[in-house]
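Structure, as structure tokens:
The values are calculated or read from the model by the stated rules, or taken from the named source; none is laboratory data. Every value quoted in this text rests on a predicted model; they were computed, and no experiment measured them. We place every Cβ from the backbone using ideal geometry, glycine too, and count neighbours over all the protein chains shown.
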């Protein structure tokens, strides 16, 4: 078993964050493109998806099938990652150009 908490799923949190950034950067309509994921691992087939949602669904299910997470843990993590990405994207100008935080040691 993985040596990390079951809740929330790190894989899905990262995937949700990536989705949120892509959606903001290229637009939701452009996420419906066919793409193929290839690996150098022997005996693993290429995975072709007709949209990003198929890949997200498979990623979520893979964590459940592997026994690493419950479905709710994966779904909640995706939502959390998505919301964080959306917030950062929407507030990037404030983060980059705003007041820098003061750090005290």
Among residues of the stretch 39-53 being surrounded by 11 or more Cβ atoms within 10 Å (Cβ to Cβ) and over 17 Å from residue 71 (Cβ atoms), the residue modelled with the lowest pLDDT is 52
Report every pair of residues separated by at least 6 positions or lying on different chains whose Cβ atoms are under 7 Å apart, first residue within the stretch 24-47 and without any contact (Cβ under 8 Å) to a residue 12 or more places away in the chain, second surrounded by 10 or more Cβ atoms within 10 Å (Cβ to Cβ). 46/37; 46/38; 47/37
Kindly list the number of the only condition in (1) outside any helix (DSSP H, G or I); (2) closer than 27 Å to residue 90 by Cβ; (3) in contact with a helix residue (DSSP H, G or I) (Cβ under 6 Å, 6 or more places away or on another chain) that fails for residue 12. (1)
Residue hits (the stretch 27-38; surrounded by 10 or more Cβ atoms within 10 Å (Cβ to Cβ) and out of contact with any helix residue (DSSP H, G or I) (no Cβ under 7 Å at 6 or more places or on another chain)) are 28, 30, 32, 33, 35, 37, 38
Let me confirm something: among 75, 56, which residue is part of a helix (DSSP H, G or I) and modelled with pLDDT of 90 or more? 75
